[in-house]
Structures are given as C-alpha cells and as structure tokens.
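These notes are about the structure you will find just below.
The values are calculated or read from the model by the stated rules, or taken from the named source; none is laboratory data. Worth saying up front: this structure is predicted, and the values here are computed from it rather than measured. Using ideal geometry, Cβ is built from the backbone for each residue, glycine included, and neighbour counts are taken over all protein chains shown.
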Amino acid sequence: MKQTLNIGMAGAGLSCAVIARLLAEAGHRVQLFDRRSHVAGNCHTERDGETGVMVHTYGPHIFHTDDDEVWDFVNRYQRFMPYVNRVKATTGGRVYSLPINLHTINQFFGRTFNPAEARAFIEAQADTSITAPQSFEEQALRFIGRPLYEAFFRGYTRKQWEVDPARLPAAILKRLPVRFNYDDNYFAHKHQGMPEHGYTAMVERILDHPGIAVTLNAELSPSAVGDYDHVFWSGPMDGFFGYDQGRLRYRTLDFQKFSGQGDLQGCAVMNYTDEAVPYTRITEHKHFSPWEQHAGSVCYREFSRACGPDDIPYYPVHLTEGDDLVRAYQARAQAQPNVTFVGRLGTYRYMDMDVTIREALNAARAFLARRQA
C-alpha cells in the first residue's frame, strides 16, 4: 500500500505551487505557508482599484520559454495571451530600442549600416585584448565596445547593483543579446506571453486541489520541520539557518506609483540608463495586457537598493570574488535531511519563471521517484 506523506512547504510562489500540485496528484497531503496575504510570491498580480489595470505588484514578469512541457503546464491553468516585450531605453536625452539591434546601432552612431557593415563596425569597437572576459565590464568591452557599454549598461548596472561592473560576473551580460537585424523582441524564445487573468489567478488554480491546504499570513518555522515527512523550502536559504553565519546579499526594489489618463509613456518598459537618473526604469502596466482597454493608466518608477532585514529580497548578488558565504550555506542546505531547498531564494540563484517551473517539476518527480524506490 502506498504511504500518504505529510508535506510542509515554506512559500506559496511558483516553486512550491508546482511541487505541491504534483505531490497532491500523487496522493500526498501538502500544507503551504506564506507570510504574505496572497499566493504567487513576487509574480503576484492584482487589479488596480482606480483604473482596473492588471498590475504586477512586485514588478513586471513576462513569460518566455523554449520548454514545451513548461509552456503546456502553465496553459493548463491559465490561457496565455500573445505578448512581445519591446523595451526602450532613454540615454543622453534620446530614446533607443533594446536589446541593442541594427536600429539601435544606426541611430546611436548616426549611420545606415547593413547587417554585415554593422557587425564589422562593432567588432572594430571591441577590445580584442580581452580574450577571456571574467567580469560584466570585460564582457561588454570585448563584445560591444566602450561607447555602447557606457551609454546603455554602465550607469544602469551601477544603479541596479550598486557595485562597479568590474566586480560583477560576466554571466549577467551574457543574457542580453546584440542583434545585427531590426528585431527588437527582447526575448528570442518560441513561447512568449502573459496569463489572461494574471499570475495570481494561475497559481490559485494550480493550488486548487483537495490535497493542498494554504495558510497565508503565516510562516513555516525551521523548528517545525520535524512535524512533516518532508519539507520544501523556498524561503531565503540563510533564513533557514537563522542567518547564523551572516546574511547573504540581495537587492530589493522600491516602487513609486503614478497614474493618469491615456497612454503615459507609449511602451511597457522604458529603461533609464544615465546614472544621474535615480530610478532604473518606468513600467506602464496597461501595456502588459494589450488585449484589454483602459482609459486610465498606472506607472511605476523602480529604484534598486541594498536589501535590509525587513525588505523583500529580489536579486541575489553574486560577485566575481567573495562567494564563500554562499558556498557555506549551500553545503549546509544540501546536508539537511528531509528538506529540499528550491526556488530563487532557496538556492540563491537568479532564475526566470520558466526555469523555476522546470526545476520544480524535476524536484517533485525526483522526490516521488525516491519514495517509490
């Protein structure tokens, strides 16, 4: 006879919601705890009371993936509508399109290059003395050259991370492409879209199973791990250990809301790359749901700063050196019996939503396979 397990979960965001669904469908009982008053974590969406616009409360989340199974999974719980993220950037008093593409290059340098000419021009700008880029700055100088780096990345990166780009790993910039055509789609994945009724409605449907119970405005204490057959922890990894070796570094975000009638900036995301501008970007949320019509509009200015003990952690800070504390906590986490650390906070890694869901599916299946074995 198959044993029904009691599973505890810290967090009701994407990671634990997906794992909970698979485990509940396998016949286990799952109890999720979340300190907030809603599910979906930082993906939480809700209607603005004044305008009716669907707002991404903790900043915009655009779904994009090449993973067919993940795409099919999310569409089981919410219909995803077509959405293409076309980001703009204001630098030096002018507006350009991101990621850097042929239009950006021609506009910035006042030229009319074709793709081959633009590629040769950018290669001439690059610092070819850098053969193995180790930092964000070296990666930029090697592949796009100083003028584009300083216009679009240096100031923005210093505001976002409050760290010199020479101390950030090159992998951060590797996620941002340079295109030698006029394609201004920020992402290149074959599946891109937005949930028709928001991410929170999607996560609520994922959690809608008789084997799943959710307790909001409450936390699962590490001391309660022994009350369950197994625990999945998507909270801060260092928080599980009471921060006894010190706190891991995160960046948090502050939002400054403003609203009005009509179209306030003409696009969903406008980056402000000049370091003298205190915010990193302005997002206009009606544009994230282009199938809806709203007379009013809601915008948010985003300000990045170091995360304090009472702040919401958004981005783990990895440097080119000095990650010994991260490795120490990771080793302790891996050694914990009957606890699996998952998600961005639980593993101290930046992950897009599709990767979060993929890893959650894999974690749930691995757990079930171990129990069956």
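Scanning the stretch 303-321 turns up no residue that is at positive phi and part of a loop (DSSP other than H, G, I, E, B). Screening the stretch 334-373 for residues that are in a helix (DSSP H, G or I), small (Gly, Ala, Ser) and out of contact with any Ser or Thr (no Cβ under 8 Å at 6 or more places or on another chain) and picking the one that is farthest from Leu173 (Cα to Cα) gives Ala369. Could you list all residues from the stretch 295-310 that are touching a residue at least 60 places away in the same chain (Cβ under 8 Å) and touching a strand residue (DSSP E or B) at 6+ places or on another chain (Cβ under 9 Å)? If the condition is that a residue be touching a residue at least 60 places away in the same chain (Cβ under 8 Å) and touching a strand residue (DSSP E or B) at 6+ places or on another chain (Cβ under 9 Å), then Ala295, Gly296, Ser297, Val298, Tyr300, Glu302, Ser304, Arg305, Ala306 are the ones that fit.
Note on the stretch 1-88: enclosed strands (runs of 3 or more DSSP E) holding 1 or more residues that are buried (at least 24 other Cβ atoms within 10 Å of the Cβ), of a type in the set (Asp, Glu) and out of contact with any Cys (no Cβ under 6 Å at 6 or more places or on another chain) are 29-34. Among residues of the stretch 241-252 that are closer than 17 Å to Phe341 by Cα, those with a beta-carbon under 7 Å from a residue that is at pLDDT below 95 at least six positions away or on a different chain give the pairs Leu248/Pro316; Leu248/Leu325; Leu248/Val326. Taking the stated definitions as given, is Arg111 within 30 Å of the chain's Cα centre (by Cα) and without any contact (Cβ under 8 Å) to a residue 60 or more places away in the chain? No. Strands (runs of 3 or more DSSP E) fully within the stretch 214-298 that include at least 3 residues being loosely packed, with under 14 Cβ neighbours inside 10 Å, out of contact with any Pro (no Cβ under 8 Å at 6 or more places or on another chain) and at pLDDT 95 or above: 250-261.
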